[in-house]
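Bear in mind that the values in this text are calculations on the coordinates, not laboratory data. Keep in mind that what you see is a predicted model, and the values were worked out from it rather than measured. With ideal geometry, Cβ positions are generated from the backbone for all residues, glycine too; neighbour counts draw on all protein chains shown.
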Amino acid sequence: MVFEIIVSFCLLGGFFFLLVVAIGLLRLPDVFTRMHALGKCDTLGTGMVLFALFFLSPGLTEKMKIILIVFMTAVINPVMTHLIAKVVFKRQVGIAAGTWLVDNYGSSDKSGGKDIC
């Protein structure tokens, strides 16, 4: 009984966060806010679904594959989100009105950045 509750909680939680990603990609105004929703919720949602699949998988081989997928997801998703954000920032893609950015890549002053709005 407890096993089914844990698996159901992980599956429903993971699907909820993946639904939030889909809604965020459709509703948020610019690339940076979309990537924020994608980077956070995608990693968490995928991790929760894979955690539930870890409990459901019968053999050691399947469990090791799922652990490898979780590790690669946890490493690759944040790195790729950061690289995409860096490229979009350097190309100066338009942002939504009211968005506040700090230029940590291109500033040469010692104050830590400049406001781009």
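Quick grid of which residues meet (1) under 30 Å from Trp100 (Cα atoms); (2) in contact with a Leu (Cβ under 7 Å, 6 or more places away or on another chain); (3) polar (S, T, N, Q):
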residue	(1), (2), (3)
Arg27	yes, no, no
Arg34	yes, yes, no
Ser57	no, no, yes
Lys63	no, no, no
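Among the residues of the range 85-98, write down those that are closer than 13 Å to Asp30 by Cα and in a helix (DSSP H, G or I). Talk me through it step by step, then tell me what you get.
So in the range 85-98, the residues closer than 13 Å to Asp30 by Cα come out as 85, 88-89, 92-98.
Within the range 85-98, Ala85, Val88, Phe89 qualify.
May I ask you to list the residues in the range 58-73 that are in contact with a helix residue (DSSP H, G or I) (Cβ under 9 Å, 6 or more places away or on another chain) and surrounded by 13 or more Cβ atoms within 10 Å (Cβ to Cβ)?
Hits for the range 58-73 are Glu62, Lys63, Ile66, Ile69, Val70, Thr73.
Show the residue pairs that are 6+ apart or on different chains and have beta-carbon atoms under 6 Å apart, the first residue being within the range 3-24 and of a type outside the set (A, V, I, L, M, F, W, C), the second being assigned to a helix (DSSP H, G or I).
Taking only residues 6 or more apart or on different chains, the pairs are Gly13/Met48; Gly14/Gly45; Gly14/Met48; Gly14/Val49; Gly24/Ala37.
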